[in-house]
Each structure stands twice: as C-alpha cells, then as structure tokens.
Amino acid sequence: ALLHPRRPLPHCLGQPLLALGKTSSGVPFGSENGQLTDIFFLICSVDDSQHLRTLARLSRLIASPGFLEAIREAESSAEVISAVKSFEDQLVGN
C-alpha cells in the first residue's frame, strides 16, 4: 500500500519522510477482492514536485520483479535497506 497525504506538508515536516512497514501476516486494506496487504509505504513530502518524484520512483520499485518478495524475506531493517538499495541500483542502471 502507498499511503500519502493528498497535499504536501511543508508546515508539519522539517524534511521529507519515507517510511516502510510490513506485517507478518496481511491485513485487509482497501482491496475490493479480499486480498490482504502486508507491506505499507508512507510518503510525506514538503512540496508537490518532490512528492510526485518519490511516488513515481517508489511505484517503479514496487513494479520491479522480485522487489516485494525481497522486502517480505528481509529479516531486519538492514536487510530491507540493502534490498531497496539493490533494486534502486538496478533502476538507475536501466
């Protein structure tokens, strides 16, 4: 799930924030087909252009084959960060 306020929050944030959360089992979240969600990204931006760039880049990562599986298999925050960096490097290389 990509959670993001409709408008940037320049007065609430000192800097942009991107957070990732995952559950050990899925939870019902906005799916009409009963599918459960187990990975959540929270995007908090301070301006529209940065918000759109972050949303686009994250969308590309999520669409990358194996990305969500790598996040699910990570057993620590260090492994999650390593997986994200690895997939980002692949995006830059394309």
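The values are calculated or read from the model by the stated rules, or taken from the named source; none is laboratory data. Predicted model, so just to flag it, every value in this text is computed and none were measured. Glycine also receives a Cβ, built like all others from the backbone with ideal geometry; neighbour counts cover every protein chain displayed. For accessibility, only protein heavy atoms count, side chains too; no ligands or nucleic acids. Shrake-Rupley method; radii C 1.70, N 1.55, O 1.52, S 1.80 Å.
Pull up segment 32-59, narrow it to residues that are assigned to a strand (DSSP E or B) and open to solvent by 40 Å² or more (accessible area, probe 1.4 Å), then point me to the one that is nearest to P16 (Cα to Cα). Per the criteria, the residue is L42.
Looking at segment 65-76, which of its residues are assigned to a loop (DSSP other than H, G, I, E, B) and surrounded by fewer than 16 Cβ atoms within 10 Å (Cβ to Cβ)? Matches in segment 65-76: P65, G66, E75, S76.
The single condition among (1) exposed (fewer than 13 other Cβ atoms within 10 Å of the Cβ); (2) in a helix (DSSP H, G or I) that E79 does not satisfy is (1). Of all residues in segment 2-31, those being assigned to a loop (DSSP other than H, G, I, E, B) and surrounded by 14 or more Cβ atoms within 10 Å (Cβ to Cβ) number 4.
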